[in-house]
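Asks: Below is one structure. I have some questions about it.
Nothing in this text is a laboratory measurement; each read-out follows from the coordinates by a stated rule. These numbers come from a predicted model, not from an experiment. Cβ: placed from backbone, ideal geometry, glycine included. Neighbour counts: every protein chain shown.
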């Protein structure tokens, strides 16, 4: 008997979340408004049902945990980039865990889908604007900052890499240089509306990284789930 690949009404909340975050641990899913009130175990069972239908795949983390991610069929149904169905590298796993750990907080973090980001770039630089492929496929986040009663939205490069703090600082400066030399990001940098978000696995890495003066405004956020990637 062929299983119906369409998710049930109960499972529907999963795919919209995964179409943004790419991969999800059950305990992280419990933070999302769509799944509020569900236990991690209930979320895990929902994810397993979608995996059984072919909508999701799984990858094992060095800690022994399993992360659920979109399959080829899931990519087709959500409109996510086809590359998201490929077996993830350690860098992509770091991105999945870090993005999913904060994307529930839509008051501060809004991760545009690939198509939305492309439209945003066109709005900033015109219909004919072209940016390097390495930036076009990178993760960016629209982060809302509050200053008293005022709110400001900053476009930030999401730098999710498992590196020592010193190496992260060097990598961030390379990213900043590339962004500031590429229209339309250069214009945003001049306006103070461009930055870098760096997820790190611990307060210690955050404290060390904070001692570096970077040339773009930097948001360092501790994502303990990234420790699942350490042996």
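Asks: Of everything in segment 136-146, what is in a loop (DSSP other than H, G, I, E, B) and out of contact with any helix residue (DSSP H, G or I) (no Cβ under 7 Å at 6 or more places or on another chain)? Give them in sequence order. Don't jump to the end; show me each part of the working.
Replies: Going residue by residue through segment 136-146, those that are in a loop (DSSP other than H, G, I, E, B) are 137-139.
Within segment 136-146, 137, 138 qualify.
Asks: Six or more apart or on different chains, Cβ atoms under 6 Å: show the pairs whose first residue is in segment 200-220 and touching a residue at least 24 places away in the same chain (Cβ under 8 Å) and whose second is surrounded by fewer than 18 Cβ atoms within 10 Å (Cβ to Cβ) and in a helix (DSSP H, G or I).
Replies: 200/206; 201/227
Asks: Something else: Could you pull out the residue among 176, 169 that is farther than 19 Å from residue 131 by Cα and under 21 Å from the mean Cα position of the chain (by Cα)?
Replies: 169
Asks: Find the residue count for segment 148-183, including only residues that are farther than 22 Å from residue 207 by Cβ and either touching a residue at least 60 places away in the same chain (Cβ under 8 Å) or in contact with a helix residue (DSSP H, G or I) (Cβ under 8 Å, 6 or more places away or on another chain) (or both).
Replies: Counting residues in segment 148-183 that are farther than 22 Å from residue 207 by Cβ and either touching a residue at least 60 places away in the same chain (Cβ under 8 Å) or in contact with a helix residue (DSSP H, G or I) (Cβ under 8 Å, 6 or more places away or on another chain) (or both) gives 7.
Asks: Hey, any hits in segment 70-78 for a residue that's assigned to a loop (DSSP other than H, G, I, E, B) and over 16 Å from residue 104 (Cβ atoms)?
Replies: yes
Asks: Among the residues of segment 32-48, write down those that are surrounded by 15 or more Cβ atoms within 10 Å (Cβ to Cβ) and touching a residue at least 40 places away in the same chain (Cβ under 8 Å).
Replies: If the condition is that a residue be surrounded by 15 or more Cβ atoms within 10 Å (Cβ to Cβ) and touching a residue at least 40 places away in the same chain (Cβ under 8 Å), then 32 is the only one that fits.
Asks: Here's another thing I want to ask about it. Of these, 192, 204, which one is exposed (fewer than 15 other Cβ atoms within 10 Å of the Cβ), part of a helix (DSSP H, G or I) and out of contact with any strand residue (DSSP E or B) (no Cβ under 7 Å at 6 or more places or on another chain)?
Replies: From the options 192, 204, the qualifying one is 204.
Asks: Could you please find all residues in segment 126-135 being touching a helix residue (DSSP H, G or I) at 6+ places or on another chain (Cβ under 9 Å) and either part of a loop (DSSP other than H, G, I, E, B) or over 22 Å from residue 174 (Cα atoms) (or both)?
Replies: 128, 129, 130, 131, 132
Asks: Considering only residues that are under 22 Å from the mean Cα position of the chain (by Cα) and part of a loop (DSSP other than H, G, I, E, B), look in segment 20-52 and name the one that is nearest to residue 99 (Cα to Cα).
Replies: 22
Asks: To continue, here is another question. Kindly provide the set of residues from segment 90-107 that are loosely packed, with under 15 Cβ neighbours inside 10 Å and part of a loop (DSSP other than H, G, I, E, B), ordered by number.
Replies: Kept after step one, since they are loosely packed, with under 15 Cβ neighbours inside 10 Å, are these residues of segment 90-107: 90-91, 105-107.
Selection gives 105, 106, 107.
Asks: So which of 59, 87, 83 is part of a strand (DSSP E or B) and closer than 22 Å to residue 159 by Cα?
Replies: Of 59, 87, 83, the one residue that is part of a strand (DSSP E or B) and closer than 22 Å to residue 159 by Cα is 59.
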